[in-house]
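So the structure is just underneath, and the comments pick up after that.
Only the coordinates and a few stated rules stand behind these numbers; no lab work does. It should be emphasised that the depicted structure is a prediction, and the values quoted were computed from it without experimental measurement. Here the Cβ positions follow ideal geometry from the backbone for every residue, glycine too, while neighbour counts run over all protein chains shown.
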Amino acid sequence: MTERKKLSLNRPRKASHEEQTLGNPVYGKKVWLNPAPQKQAKNPHPPKSVKQQPKKPVVKPKQVVVKVKIQKPPTSPKKRLPLDEAILQITTFWPSLFPENQLRPMKIGIQQDMWKEVKEKGLPIARRRLRACLDSIGYHTDYRALIQLGAFRYDKAGQITGEVTQADVEDNLQRLARRNKSNHQSTVAHADLTLGK
């Protein structure tokens with residue numbers, strides 16, 4: 001019978017330095033030390049003067065540098081939840097905010113109020129999911145169309161807490177213009193890439 005090798009968790013003994021150098025070469029980190037600069041001894045004999053020939057200037061041909069602008073590929077828009085799914089998630093915990101799944105302007109700072117209630121009551125929704133739902137609702141053009149001067153804003157209980165101001169309307173128009181501009185640029189860039197321009 002052959003003798004079985006004993007299994008152990010102990011590591012095998014490392015080979016000595018001599019055995020390693022004789023066998024396989026060992027690669028390790030090399031550290032280079034810069035020795036302190038040594039003082040140079042004065043030469044007792046002055047160097048012989050050699051007649052130097054005048055140096056001719058070397059003329060190098062000028063190189064022309066051309067900068068080429070490379071278009072960045074269009075970045076894909078942020079993936080958002082579908083509007084119906086986002087409204088359904090919110091109405092499961094706060095049904096009076098969007099009665100009958102109809103959009104209404106939300107109170108500014110509603111996310112903090114909702115998260116505070118989630119922590120107090122222990123509701124089963126993650127902060128990231130809550131934020132994603134509110135972001136997708138707030139980003140949607142149907143919601144943006146509701147932000148008009150004098151429209152009422154609603155809190156999580158469905159109560160009126162304020163009105164849409166002129167500053168809100170201007171901010172809304174800027175956001176819509178920025179989004180339309182970025183959508184137009186990304187579609188043009190995508191069309192250029194597909195056509196091979």
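Some observations on this one:
- Test: Glu100 is assigned to a helix (DSSP H, G or I), at negative phi and out of contact with any Asp or Glu (no Cβ under 8 Å at 6 or more places or on another chain): no
- Scanning the stretch 103-128 for residues that are part of a loop (DSSP other than H, G, I, E, B) and closer than 18 Å to Asp155 by Cβ gives Leu103, Arg104, Pro105, Lys107, Ile108, Gly109, Leu123, Ile125.
- Total residues in the stretch 131-164, condition among the hydroxyl-bearing types (Ser, Thr, Tyr) and in a helix (DSSP H, G or I): 4
- Number of residues in the stretch 160-176 that are in contact (Cβ under 8 Å) with a residue 24 or more places away in the chain, of a type outside the set (Lys, Arg) and loosely packed, with under 15 Cβ neighbours inside 10 Å equals 2.
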